[in-house]
Every structure is written in structure tokens, then in C-alpha cells.
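These notes are about the structure you will find just below.
What follows draws every value from the coordinates through simple rules; no lab data is involved. Here the structure is a predicted model, which means the values were calculated and not measured. Here the Cβ is made from the backbone with ideal geometry for all residues, glycine too, and neighbour counts use every protein chain on show.
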Amino acid sequence: MQTIKPFLWFDNNAEEAVNFYLSVFPQARVTEILHCPEGGPLPVGSVLTVQFEVNGIRIVALNGGPEHCFTEAISLMVPCETQVEIDDLWSKFIAGGGQEIACGWLRDRFGVSWQITPHNIAQLLSGRDAEGGKRAMAAMMQMTKLNIAELERAGGLA
């Protein structure tokens, strides 16, 4: 059983966000929808929370209102096996109003921050040796979307 669940506070578009995430990740599904009961913060019967699962991680999306917004202080990291996977996820997340940030970070159109990284990012940034690690880090700091081949070359791993 997963003992910690990310809980994402959306204004009033939790369902739209979840449907977007379901379209991005092939291994995603809705697991539960909670409708607001009498006495709740929303009209009776409207969607309060949507629980969904992405790649085995359960996440809760709340229609909480405009009081709180997402920041880059918290992000969801997606380790990718290939450059094709990085490119595909990147293009899906920035489509429709997402924003590229830097160093593999982006913000989707709902304001959630994501890190789309190679699965072996720590190894890539370590390089073959201290100088390779320094070059790989410098290369990454110049990137928006991460490029595995460029990080490998910079770090002397190619």
C-alpha cells in the first residue's frame, strides 16, 4: 500500500487536469471520484476529489478553489528511459499552454511543475570523473528540455 499520496489543489478544474494526465500517461486510470455531500464546500453532487493512478502512483486532485496555487517548490519527477520518451512527454506537457522552465523542468497548463529527466540523471551528472561531472552539470544548466546524448558527451560517458 502506498503510504504517501501527492494531493494536488486545483481551482475548479481537477477533472479536466486528471483527464489531461490520463491522456499523457498510458499507464493511468481514475480510481475514485468523491462528490460533494451536503454541508461541503461545493454544491451538492459536484466533484470534490478525483483519485487517480499514474504509473502505479496514486494521486488525489481536489477542486479546492482559487485560494492556493502551485509553485516550483514541489514538482513531480518522471524518470524516462529514452530521449524519445522525454521528447514525447515534454511536447504533451507544454501543449495547450504549458511552459518550459529550465534543466528538465516545466509547468503544465494547470500550473503543476514536472521534471522530465533521464532515469539515470545522477549518473549522467556525475560524469566519468570530477571534470566530466562539472561539464555535464554545465551542459544541463544550459538546457531547457534535457538531452541524454549531450549530457553523456559532456560527461565523457558517450
Of the conditions (1) in contact with a Gly (Cβ under 7 Å, 6 or more places away or on another chain); (2) under 30 Å from Thr31 (Cα atoms), Ile74 fails just one. Which one is it? (1)
Residues in the range 48-95 that are among the hydroxyl-bearing types (Ser, Thr, Tyr) and assigned to a strand (DSSP E or B): how many? 2
Could you look through the range 3-43, keep only residues that are more than 19 Å from Pro66 (Cα to Cα) and of a type in the set (A, V, I, L, M), and pick out the one that is farthest from the chain's Cα centre (by Cα)? Leu34
How many residues does the range 111-144 hold that are closer than 30 Å to Asn19 by Cα and either surrounded by fewer than 20 Cβ atoms within 10 Å (Cβ to Cβ) or among the aliphatic types (A, V, I, L, M) (or both)? 10
